């Protein structure tokens with residue numbers, strides 16, 4: 001009996017350690033891993049072939065004056081963003097970057113696009129990234145409430161009649177899509193989602209498979225690690241389910257050469273609510289590269305969508 005108790009205790013400790021190791025690997029983003037240098041993330045493999053373009057975008061955006069903003073999230077975490085002023089009565093776009101990404105490398109081009117059209121831009125450091133607080137990345141589960149908080153901030157600052165656009169890339173795209181099932185301010189008139197995944201579980205299982213791990217066997221451990229150490233439920237929300245009841249017009253953008261988040265995931269989201277959404281496919285674009293690959297048409301499609309929805 002005593003031997004069994006010891007064995008059970010050792011097994012329990014081993015399980016807890018395994019869960020913690022998985023949590024650290026998948027969901028944890030230490031402050032030590034975050035740099036204040038806006039160019040630090042240029043070494044990302046996803047920017048292969050685009051580094052010079054992205055560097056120039058960061059340079060160009062740095063020429064615009066910005067106001068640093070800090071707001072408190074629903075759970076008390078302090079969130080950070082940079083506000084770039086547009087025309088006085090023009091819409092304000094709130095922009096969200098991706099998983100363990102950088103607001104500078106991933107959003108400078110989109111912010112410049114908005115500013116060139118007179119649209120104000122709030123460039124957000126997602127929780128557990130950049131200058132925002134927290135260490136847990138929750139694949140949009142908690143971040144969707146941060147999106148709501150940023151939208152409320154814009155409403156409170158600029159008035160209920162100010163039009164608000166939500167824009168995100170990769171996990172940021174999933175974040176803005178999942179926020180559509182929440183009580184967003186009535187000023188939110190358009191959502192733009194560039195290369196979103198259809199469900200947190202779907203992208204995690206895909207990554208596991210790509211790394212030679214059996215998704216069905218390993219995913220339950222990932223799920224439990226999020227629940228125990230991240231204190232969130234990966235199944236609590238998904239872009240695919242959120243858009244079924246969305247009332248805000250949605251523009252989905254996805255490269256057909258995306259080998260990380262496949263184009264089919266945007267198709268799944270689009271098929272969930274074809275009445276209010278449209279899907280713009282960029283030929284030859286890999287993950288997060290649609291703006292760089294098809295910039296002229298990308299800008300035309302996005303600004304046309306915004307003009308249509310903010311009249």
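All of the numbers you see were taken from the coordinates with simple rules; none came from a lab. Quick caveat: nothing in here was measured; it's all calculated off a predicted structure. FYI the Cβ positions are ideal-geometry reconstructions off the backbone, even for glycines, and counts take in every protein chain you see.
Just a few scattered comments:
- Using 0.36 nm per residue and subtracting the Cα-Cα separation, the extra length available between residue 30 and residue 16 on full extension is 3.0 nm.
- Crossing angle, helix 103-116 versus the chain [Cα axis fit, 0-90 degrees, rounded to tens]: 20 degrees
- For segment 52-136, share of DSSP beta bridges that run antiparallel, in % to the nearest 5: 70 percent
- Overall dimensions of the chain, expressed as equivalent-ellipsoid semi-axes from the Cα gyration tensor (√(5λ), whole Å, largest first), are 34, 21, 20.
- Percentage, to the nearest whole number, of Cα pairs in segment 185-247 over 19 Å apart: 46 percent
- Segment 1-157 - share of DSSP beta bridges that are antiparallel (%, nearest 5): 70 percent
- Within segment 50-184, the percentage of alpha carbon pairs spaced more than 24 angstrom apart rounds to 22%.
- D_trans [Stokes-Einstein, Kirkwood Rh over alpha-carbon pairs] for segment 159-311, 20 °C, 1.002 mPa s, µm² s⁻¹: 133 µm²/s
- Exposure proxy ranking, count of Cβ atoms within 10 Å, fewest first, for 171, 78: 78, 171
- Kirkwood-Stokes translational diffusion coefficient of segment 249-305, alpha-carbon pairs, 10 °C, 1.306 mPa s, µm²/s: 139 µm²/s
- Computed from the Cα positions only, the extents of segment 138-205 along the three principal axes stand at 42, 19, 15 Å, in decreasing order.
- With both labels modelled 7 Å from their Cα along Cα-to-Cβ, the residue 43 to residue 271 distance reads 4.1 nm.
- Between residue 216 and residue 64, the simple label model (points 7 Å from Cα in the Cβ direction) yields a spacing of 4.9 nm.
- DSSP bridge pairs, the chain: antiparallel proportion in percent, nearest 5: 30 percent
- Entry note, the chain: relative contact order of 16 percent, from Cα contacts under 8 Å with a spacing of 6+ residues.
- Burial ordering of 265, 63, 178, fewest other beta-carbon atoms within 10 Å first: 63, 265, 178
- Between segment 127-154 and segment 61-107, the Cα center-to-center distance that results, in Å: 11 Å
- Calculated FRET efficiency for the pair residue 186/residue 72, C-beta based, R₀ 25 Å, to 0.05: 0.65
- For segment 1-128, the spherically averaged projection of the C-alpha convex hull amounts to 11.3 nm².
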